[in-house]
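The values are calculated or read from the model by the stated rules, or taken from the named source; none is laboratory data. Bear in mind the structure is a predicted one, so any value in this text is a computation, not a measurement. Ideal geometry is used to build each Cβ from the backbone, glycine not excepted, and the neighbour counts take in all protein chains shown.
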Amino acid sequence: MRAFLFFAGEGVSQLRRSPAASVAAVTAVGAVLFVLLLLMLLSQNILALSERLRERKGLSVFLDPQLDQTQVSALRERFAGFGEIAEVRLVTRDEALRGIEEELGSPGLAEVVGENPLPDVLLVTPAPHAADARELDVLAREFEAYPGVDDVLYGERWVRALDHGLGVVRRANALTGGLATLAIVLVLGNTLRLLVLMREEQLAIMKVIGATDAFVRAPFVMAGILLCLIGGLVALGFLRVGFEVSRSLMPGLQFLSLPMLLLYLGGVALVGLLGSLVTVEVSIRQLERRGGMLQL
Amino acid sequence: MIEFERVWKRYSKRRDEWALEEISFHIGPSEMVFLLGPSGVGKSTLLKLITLEEMPTTGTIRVADFVADELTRQDLPHLRRRCGMVFQDFRLIKDLTIHENLAFCLRMTGTLERSVIARAVARVLQSVGIYGKRDRFPRELSGGEQQRAAIARALIHEPPIILADEPTGNLDAETGNEIMALLQRLRVSGTTLVVASHQEPLAERFATRTMRLREGRIAEDRFLRPVGTEVY
């Protein structure tokens, strides 16, 4: 523990000796990680929404916007006559928009979007004996066959639609994660190489007086991990500020859970560790090969 | 203590450009050996071969309990801790105080206890006479004081061997004599010293043995006085 604290202190010293390079590196790492965090937040919220929808037992029957009130009422009465149906409730397009406004906590949404794009919807509650997924699927297909019905969604279908979206976000997340790792390694590579070059004379002295490879490298590796963690925390701070601002517009938004935060910070530290190990090793070997002061 | 057996060293790939040729000698405990000769004859190369900063092209080198051919990269720091190094340009870490320069060496070997470090640093700085300057940075000291600090750093691990590359090269004659007297005290107390120098009067006054290098070879190996002798 004492050794860890010593090397952490040495790592901080390395960064303090090159403040401009350190700030530049933290900024670059922070910017890359902010994008990653944003996607993590998005996927977590889509996942949460998906879970909530999975629990809904009713069907949403989206009607053709061209239908008039008489035709809508006729469809509603016809569906209500089904033996498997307990209740059919009409949600008009205006009510639907108000509902979304309330859910998002954004009363001016109608003005923002201009013309209301939502259709009238019949919310169908199945009878208890017809509420399982297979019965709902049969009913959904039956409703879809009626003229004037555009689409029928129920829990599983919502989930499938959201799963598709979630899959896209997750792929984007993985891609961003990979690119972020690459970008961090490149930023670390440049920064640590600079730190190593600035310390070339000191490193040469250390080697001559008997410093082990680990002792020579550890402060730089610590500096790399610290750069990543500070960049990661800065990005997290910005995300939290952005989240607080957005939450007033969308109260349903959830911030990253504790396990996600721990996973994120652990991942950042791990990338910092591995990236630093590689780049410090490469930088020092390059100096040695160049035949400079560090030559063995 | 230090043994070279038919050691050849070449830096370039050209077969006929040897920095050192056919070097063989044995240096025992408490010897103070001066490597003499003008610049470029191989004095510094020979010192670098002792600490294995450079590896021999052919031949065998034994230093303390280490044999060059059998060493791994991980062994090198342990060998170097047995050989304290003193340089013409001192090579102190500029942004550390004298105390920190020495403490750094101790931390490097895992000594992290502040009180232990403080005691060890105080003992060594007192032995070279600059304890009062312990909180100064190298740039705040005179050349002689910086060289004393460098010697103190070389002594911090209590090595059996001290290697000095032109230790008085940047100092005036009087300070140079003081530094040599300090090194001599170490020899008398049992440390082996190898000093690369082109200052023959110093060698005549302090060395127990001189090796004169000429064109990469030992042209002359002369024993001047018994190892137990102290010169004033």
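Residue pairs whose Cβ atoms lie under 8 Å apart, separated by 6 or more positions or on different chains, with the first residue in the range A:1-18 and more than 11 Å from chain B (Cβ to nearest Cβ) and surrounded by 13 or more Cβ atoms within 10 Å (Cβ to Cβ) and the second of a type in the set (Phe, Trp, Tyr) and assigned to a helix (DSSP H, G or I), are A:Gly11/A:Phe220; A:Gln14/A:Phe220.
Yes or no, residue by residue, for (1) out of contact with any Asp or Glu (no Cβ under 6 Å at 6 or more places or on another chain); (2) under 14 Å from B:Ile161 (Cα atoms); (3) within 14 Å of chain A (Cβ to nearest Cβ); (4) surrounded by fewer than 18 Cβ atoms within 10 Å (Cβ to Cβ):
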residue: B:Tyr11; (1), (2), (3), (4): yes, no, yes, yes
residue: B:Leu20; (1), (2), (3), (4): yes, no, no, no
residue: B:Met32; (1), (2), (3), (4): yes, yes, no, no
residue: B:Gly40; (1), (2), (3), (4): yes, no, no, yes
residue: B:Lys43; (1), (2), (3), (4): yes, no, no, no
residue: B:Val63; (1), (2), (3), (4): yes, yes, yes, no
residue: B:Thr72; (1), (2), (3), (4): yes, no, yes, yes
residue: B:Leu76; (1), (2), (3), (4): yes, no, yes, no
residue: B:Leu79; (1), (2), (3), (4): yes, yes, yes, no
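For the range A:283-296, a residue qualifies if it is surrounded by 14 or more Cβ atoms within 10 Å (Cβ to Cβ) and either away from chain B (no Cβ under 14 Å) or modelled with pLDDT under 80 (or both), and the qualifying residues are A:Ser283, A:Gln286, A:Leu287, A:Glu288, A:Gly292, A:Met293, A:Leu294, A:Gln295.
Determine if the range B:164-174 includes at least one residue that is within 13 Å of another protein chain (Cβ to nearest Cβ), touching a residue at least 24 places away in the same chain (Cβ under 8 Å), touching a strand residue (DSSP E or B) at 6+ places or on another chain (Cβ under 8 Å) and outside any helix (DSSP H, G or I). Checked against the condition, which is being within 13 Å of another protein chain (Cβ to nearest Cβ), touching a residue at least 24 places away in the same chain (Cβ under 8 Å), touching a strand residue (DSSP E or B) at 6+ places or on another chain (Cβ under 8 Å) and outside any helix (DSSP H, G or I), the range B:164-174 yields at least one hit. Here the range B:9-37 is the region considered, the condition is being part of a loop (DSSP other than H, G, I, E, B) and in contact with a strand residue (DSSP E or B) (Cβ under 9 Å, 6 or more places away or on another chain), and the residue that is farthest from B:Gly59 (Cα to Cα) is B:Ser30. Checked against the criteria, A:Ile184 does not count as within 14 Å of another protein chain (Cβ to nearest Cβ) and either closer than 30 Å to B:Thr111 by Cβ or buried (at least 20 other Cβ atoms within 10 Å of the Cβ) (or both). Filtering the range A:190-211 to residues that are more than 15 Å from A:Ser18 (Cβ to Cβ) and not β-branched (Val, Ile, Thr) leaves A:Ala204, A:Met206, A:Lys207, A:Gly210, A:Ala211. Residues that are over 20 Å from the mean Cα position of the chain (by Cα) and in contact (Cβ under 8 Å) with a residue 12 or more places away in the chain were ranked within the range B:95-117; the one that is farthest from the other protein chains (Cβ to nearest Cβ) is B:His99.
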